[in-house]
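The values are calculated or read from the model by the stated rules, or taken from the named source; none is laboratory data. In this text, all values refer to a predicted model and were calculated from it rather than measured experimentally. Neighbour counts run over all protein chains shown; Cβ positions are idealised from the backbone, glycine included.
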Amino acid sequence: MKKTILLVLALILTACSASASAEFDKNRIKWQDANIVHYRYNIFVSCFCAFRDDMPMTVEINNGEVVSITSVKGNVITPSDSLYEVVKNYASMDTLFTQLKDALTEADKVEVTYDPTYGFPAILAIDQIEQAMDDELYITVDNFEILK
């Protein structure tokens with residue numbers, strides 16, 4: 001009986017994982033097919049961290065490179081700022097997809113909502129270890145704008 005229950009649970013988890021992977025692939029292709037190279041958006045990164053007052057950040061990307069990152073306070077975040085490295089991890093749709101792909105294979109729980117038009121991850125909730133405290137990461141992308 002225990003073996004049957006374990007087998008059923010393994011099949012359910014595999015199906016959920018396959019579904020999340022298929023959804024990820026579908027939306028990544030949608031993003032790539034849009035062929036958007038110059039864009040701006042707001043990103044809100046929420047975690048057990050000290051920089052919440054600087055969120056959301058406005059990020060501009062051109063050809064996969066960060067053009068600018070500006071805090072909600074109007075401060076330009078430069079590469080010498082420690083906050084730059086945090087935001088840079090999510091500062092393009094390609095890096096956001098990479099972070100999401102890693103989370104889908106490594107984290108205990110991932111919830112994602114994709115932008116219906118362009119397919120990029122618009123809302124992410126990642127819990128690396130469900131039983132651990134203070135390891136959750138929430139990312140919201142909004143005010144997406146194509147610049148060229």
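Name the one entry in S92, S71, S80 that is buried (at least 16 other Cβ atoms within 10 Å of the Cβ) and over 15 Å from the mean Cα position of the chain (by Cα).
Numbers: S92 fails: over 15 Å from the mean Cα position of the chain (by Cα); S80 fails: buried (at least 16 other Cβ atoms within 10 Å of the Cβ).
Just one listed residue meets the conditions, S71.
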*Confirm whether S71 is hydroxyl-bearing (S, T, Y) and in contact with a helix residue (DSSP H, G or I) (Cβ under 6 Å, 6 or more places away or on another chain).*
yes
*Of everything in the range 89-148 that's part of a loop (DSSP other than H, G, I, E, B) and touching a Lys or Arg at 6+ places or on another chain (Cβ under 7 Å), which residue is modelled with the lowest pLDDT?*
E130
*asked:* Within the range 51-73, does at least one residue satisfy the condition of being part of a loop (DSSP other than H, G, I, E, B) and among the β-branched types (V, I, T)?
replied: yes
